[in-house]
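Here's a structure for you.
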Amino acid sequence: MFNSNLNNMKYKIFAKIALAALLALTTWVSCKKDTPVDEDGLLITTRKDCYVSSFEILGTDFVSVRVGTAVIDTTAQTVNVTVQFGTDLKNLYPQFSLAQDCKLNPKITGKTDFSDLAHPRQWTVISGDRQVKKLYTVNVSVQPR
Amino acid sequence: MRTQSKYFNTAFLLVAALSLVGTSCKKNTYALPVAPDKLQDEAIKRTLGPNIVGQNIEFAYAMAIKPSKGKLVNCTAVASIAGAPGTYMENRSFYTAQTGADVGVTVGSPSVTSGTTTTVTYNHDTSAATLRYYYVIPEAARGKTVSIKFTATSSDGESISTTMGPYTIAVMDMKLNMAVSNNNLMYISIADSAVYNAADAVAHAASIDLVYLYRNLTTSAFNHALVAPAADPQYLPGVTLPAGVNRSAKMLKVFNLQDHNLAANEQFGGTFIDDIDFQKLDLTGDPNFALNLKLDAGVWVETADGKYRAYIFINSVNTAGTAVISMKRYALK
């Protein structure tokens with residue numbers, strides 16, 4: 001009789017511990033992040049595409065100063081763009097279109113100075129899975145008068 | 001006990017619901033408003049935007065008294081700073097016809113302005129009228145505030161007043177529709193708010209800030225341009241500057257900033273450039289040229305001596321090499 005009660009009590013304690021463990025496991029699983037985001041709050045995906053798909057460049061009046069289409073070489077990782085004669089190269093707004101889920105580093109937060117033509121500006125394109133990084137060089141040339 | 005409580009709650013809810021229904025269905029009785037026995041007035045400011053010296057501030061002042069009490073005798077507007085010549089009050093009260101047009105009905109003699117006071121004396125039996133007052137902002141008010149006190153007097157000896165303002169008068173000034181032309185009226189002085197040809201520019205060389213030029217090139221989009229005399233000569237092709245014209249203004253090109261005062265076409269709506277825009281303007285690092293300017297484009301400018309900031313708006317352009325520009329100018333020092 002005594003042994004039977006003892007076994008019964010042991011069984012109850014075991015059941016409680018198992019239940020608590022199950023609860024903890026459930027909580028842990030439910031709290032686990034299944035949609036990871038990077039330091040910018042952007043979704044990290046599985047995409048490995050990493051390239052510039054199009055490029056635009058605007059003057060201080062937010063009107064395009066581009067002459068013709070920007071030539072993007074995804075192998076050489078260059079963007080070659082010609083801007084109108086008389087463009088103020090110190091105050092331009094570049095605009096990149098990237099492959100899906102990519103991001104750009106450094107971020108473009110305002111006017112960009114392209115006046116040092118000997119040292120073109122560079123940006124790194126980072127893929128959606130944040131594993132592939134490609135350094136693009138933007139070569140600006142000015143249309144002759 | 002529990003059952004009793006339940007019944008009590010149900011009954012209470014029922015009474016509350018019925019009272020709500022009763023209240024919401026109650027008929028609101030409407031009574032015609034009764035006009036007060038005393039003389040009444042009301043004023044509104046009709047103009048919008050910054051108050052610029054030389055421009056009008058327009059008010060509409062309404063006054064009324066019961067016909068049984070008397071009639072209107074006169075109306076005065078007293079400005080805290082005397083208005084410039086041209087300040088007046090309408091002696092007509094307007095109503096809007098079915099066509100939408102304002103129709104004036106003469107109610108008094110033409111206004112008389114003496115110093116700060118403008119008066120209209122009624123010469124028709126009038127119980128109610130709305131008179132418009134046009135205050136032309138004088139030079140003396142630049143950068144100060146102005147208030148207008150309207151007073152109506154009735155034949156029973158009553159008078160009533162309303163004070164409007166204070167309104168801040170802008171420091172900036174404005175020059176509209178200056179014609180510029182290639183190889184002729186091409187030297188622009190912001191300090192003088194004027195455009196000169198080469199001969200006159202020599203006499204005003206120290207105040208020439210910009211050169212207007214038009215070049216129709218096949219190799220580039222030069223077109224209409226505003227260029228500082230000290231800019232790289234490649235931006236002044238074929239221009240021989242008059243002696244002493246050598247200043248370097250800073251410029252920032254913008255598009256579609258259609259200031260309501262500068263843009264003749266009123267469809268541009270309620271965008272106004274005011275003193276604060278010039279105060280906050282920072283042209284550090286901006287160039288001294290602006291090429292390929294189109295209709296409705298504009299250029300922020302700061303003169304080389306730092307005395308003026310200006311916004312120049314392109315009202316019209318012509319491929320014959322002419323343009324019409326308008327300018328708002330703010331004195332910094």
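Nothing in this text is a laboratory measurement; each read-out follows from the coordinates by a stated rule. All figures in this text were calculated on a predicted structure; none of them were measured in a lab. Cβ: placed from backbone, ideal geometry, glycine included. Neighbour counts: every protein chain shown.
Counting partner chain Cβ atoms within 10 Å of every residue's Cβ in B:254-261, what's the average? All intermediate terms of the calculation are to be shown ahead of the outcome.
Working: counts 5, 5, 3, 1, 0, 0, 0, 0.
Counting Cβ atoms of other protein chains within 10 Å of each residue's Cβ and averaging gives 2.
Whole Å is fine, so just give me how far the alpha carbon centre of the range A:62-76 lies from that of the range B:166-217.
Distance between centres, Cα-based: 37 Å.
Using alpha carbon coordinates only, what is the Rg to Rh ratio of the range A:52-142, with Rh defined as the Kirkwood radius?
Values: Rg = 12.7 Å, Rh = 13.4 Å.
Reported Rg/Rh, Kirkwood definition of Rh: 0.95.
Please give the Cα centre distance for the range B:64-139 versus the range A:91-132, rounded to the nearest Å.
64
Would you please classify the overall shape of the protein assembly as shown from the alpha carbon gyration tensor, given that a ≥ b ≥ c denote the square roots of the eigenvalues, rounded means a/c under 1.5, and beyond that prolate means a/b larger than b/c while oblate covers the rest? The partial results should precede the final answer.
Numbers: a/c = 3.37, a/b = 1.09, b/c = 3.08.
Since a/c reaches 1.5 but b/c is at least a/b, the shape of the protein assembly as shown is classed as oblate.
Using the charge dipole of chain B (Lys, Arg: +1 at Cβ; Asp, Glu: -1 at Cβ; taken about the Cα centre), state which of B:Asn184, B:Gly83, B:Asn246 has its Cα farthest towards the positive end.
It is B:Gly83.
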